[in-house]
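Below you'll find the structure, written out as structure tokens, and then a few comments.
The values are calculated or read from the model by the stated rules, or taken from the named source; none is laboratory data. Because the structure is predicted, anything quoted here is derived from the model rather than measured. FYI the Cβ positions are ideal-geometry reconstructions off the backbone, even for glycines, and counts take in every protein chain you see.
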Amino acid sequence: MESSPKSAQSAAGPSPYDTPASAGSRFAIELVAWVAGPWAAAEVAGLAWVALPALLVLVGLPAVFNTPGDKHTDGIATPGPIRIGIEVLLLAVAVGSAWIVWPPWAAIAAALLGIVMVVTGLPRYRWLATGAPEVVSG
């Protein structure tokens, strides 16, 4: 079932396809990536200092590269498909790193959270994939 925007702005941001559930699960995956990713990078490299550059990259990518009309934040204008790629990268880091450094129950929880992120975000991902065209309410 195709979802249609109710207005030109949702509760979570300017994108009419972003809902509190999709924004919340996406942010939760970012948090998992920000915690587990640097931890796993340091563990795999055997060097604790590797965690800092890994954290800077993982925080910087979603903060700096934004698709116009998607969020309230400014930054470097990025096409929708690139934004999807950034979010897929964060999802992969979150889930993969969780399996490296966390107990199985926590890694399973991270994987389930990733599924929730993808399912709740499908309308937004479709919109981003088409280049995030401006939605006119009316």
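Regarding segment 49-60, can at least one residue be identified that is in contact with a helix residue (DSSP H, G or I) (Cβ under 6 Å, 6 or more places away or on another chain), aromatic (Phe, Trp, Tyr) and either assigned to a helix (DSSP H, G or I) or closer than 22 Å to residue 32 by Cα (or both)?
No.
Has segment 94-105 got any residue that is among the hydroxyl-bearing types (Ser, Thr, Tyr), at pLDDT below 95 and either buried (at least 19 other Cβ atoms within 10 Å of the Cβ) or part of a helix (DSSP H, G or I) (or both)?
Checked segment 94-105: no residue is among the hydroxyl-bearing types (Ser, Thr, Tyr), at pLDDT below 95 and either buried (at least 19 other Cβ atoms within 10 Å of the Cβ) or part of a helix (DSSP H, G or I) (or both).
Check segment 74-91 and report whether any residue there is at pLDDT below 90, surrounded by 12 or more Cβ atoms within 10 Å (Cβ to Cβ), under 13 Å from the mean Cα position of the chain (by Cα) and not in a helix (DSSP H, G or I).
Checked segment 74-91: no residue is at pLDDT below 90, surrounded by 12 or more Cβ atoms within 10 Å (Cβ to Cβ), under 13 Å from the mean Cα position of the chain (by Cα) and not in a helix (DSSP H, G or I).
Considering only residues that are at pLDDT 90 or above and surrounded by fewer than 17 Cβ atoms within 10 Å (Cβ to Cβ), look in segment 55-73 and name the one that is nearest to residue 28 (Cα to Cα).
59
Looking at segment 107-121, which of the residues that are more than 21 Å from residue 54 (Cα to Cα) and without any contact (Cβ under 8 Å) to a residue 60 or more places away in the chain is nearest to the chain's Cα centre (by Cα)?
Selected residue: 118.
Does residue 67 satisfy the criteria of being in contact (Cβ under 8 Å) with a residue 24 or more places away in the chain and touching a strand residue (DSSP E or B) at 6+ places or on another chain (Cβ under 8 Å)?
yes
Filtering segment 127-138 down to residues that are surrounded by 14 or more Cβ atoms within 10 Å (Cβ to Cβ) and assigned to a helix (DSSP H, G or I), which residue is farthest from the chain's Cα centre (by Cα)?
Among residues in segment 127-138 that are surrounded by 14 or more Cβ atoms within 10 Å (Cβ to Cβ) and assigned to a helix (DSSP H, G or I), the one farthest from the chain's Cα centre (by Cα) is 127.
Please go through segment 21-54 and give me each residue that is crowded, with 18+ Cβ neighbours inside 10 Å and more than 14 Å from residue 101 (Cβ to Cβ), ordered by number.
Scanning segment 21-54 gives 22, 23, 25, 26, 29, 30.
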